[in-house]
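Only one structure is covered here, and it is reproduced in the block below.
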Amino acid sequence: QVAFADRLLLNKVDLVPEEKDLKAVEARLRDINKFAPIIRSEQAKVSVDQVLGIKAFDLTRTLEMDPEFLNTDGEHEHDQSVTSVGIAMDGAVDLARLNAWLGPLVETRGVDIYRMKGVLAVAGQDLKYVYHAVHMIFNGTYSEPWGADETRCCKLMFIGKNLDEKELKAGFERCLSTKKRKAT
């Protein structure tokens with residue numbers, strides 16, 4: 001993806017304390033893709049005009065980098081051990097239970113969990129809790145309020161290798177502030 005990107009967004013730069021480390025990452029990206037501008041960002045905040053309507057795709061350049069780009073007869077393999085697990089439950093989570101479950105989960109399975117994201121209803125909060133994680137790096141924040149006619153619920157998605165759907169659903173269900181809810 002880096003090789004064919006029209007723009008490279010280098011996100012979470014605020015988490016890198018040394019400028020030399022950012023320069024090293026940019027140099028590595030430049031080794032893979034010499035053409036795409038690198039845009040630094042924090043919390044994925046970039047100007048819309050830097051990524052939309054840029055008319056940057058160039059078939060000639062793409063074919064120079066990969067002469068087989070238009071070949072649809074080639075082999076295409078997927079790693080069958082990489083799957084996704086979605087969880088949707090009505091109700092709200094107990095934040096202490098959620099943290100007690102997620103902390104060890106990320107520590108022990110973070111290498112296999114490529115991505116987690118979700119929107120959660122938290123008991124005692126009127127705002128939606130939105131989070132995402134990549135491997136062992138987790139970020140969450142309260143966002144907009146739940147609508148008056150909106151059902152308070154929790155929706156999560158895990159993408160990774162060797163995910164155990166039953167284990168994930170059971171673990172999350174234990175985080176609910178009420179035991180009446182079941183996974184869907």
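Please identify every one of the trypsin sites (Lys or Arg not before Pro) in region 90-184 that sits in a loop by DSSP and has no more than 11 other beta carbons within 10 Å of its own beta carbon.
On the way: sites: 97, 109, 115, 117, 128, 152, 155, 161, 166, 169, 174, 179, 180, 181, 182; in loops: 152, 174, 179, 180, 181, 182.
Counting only loop positions with at most 11 other Cβ atoms within 10 Å, the trypsin sites (Lys or Arg not before Pro) in region 90-184 are 179, 180, 182.
What is the extension gain from residue 100 to residue 114, computed as 0.36 nm multiplied by their sequence separation minus the C-alpha to C-alpha distance, in nm to one decimal? If you can, show how the numbers build up before the last one.
Working: separation 14, 0.36 × 14 = 5.04 nm, distance 2.01 nm.
Length gained between residue 100 and residue 114: 3.0 nm.
Here region 1-44 is scanned for amide nitrogen atoms under 19 Å from the site 7 Å beyond the Cα of residue 81 along Cα-to-Cβ, giving none.
Multiply the residue separation of residue 137 and residue 10 by 0.36 nm, subtract the distance between their alpha-carbon atoms, and state the gained length in nm to one decimal. Let's see the in-between values first.
Values: separation 127, 0.36 × 127 = 45.72 nm, distance 1.54 nm.
Extending this stretch completely gives an extra 44.2 nm.
Length gained on full extension, residue 166 to residue 3, computed as 0.36 nm times the residue gap minus the Cα-Cα distance: 55.0 nm.
Quick note: the coordinates plus some simple rules give every number you see, no bench work behind them. Because the structure is a prediction, the values reported are computed rather than measured. Every residue, glycine among them, receives a Cβ derived from its backbone with ideal geometry; neighbour counts consider all protein chains shown.
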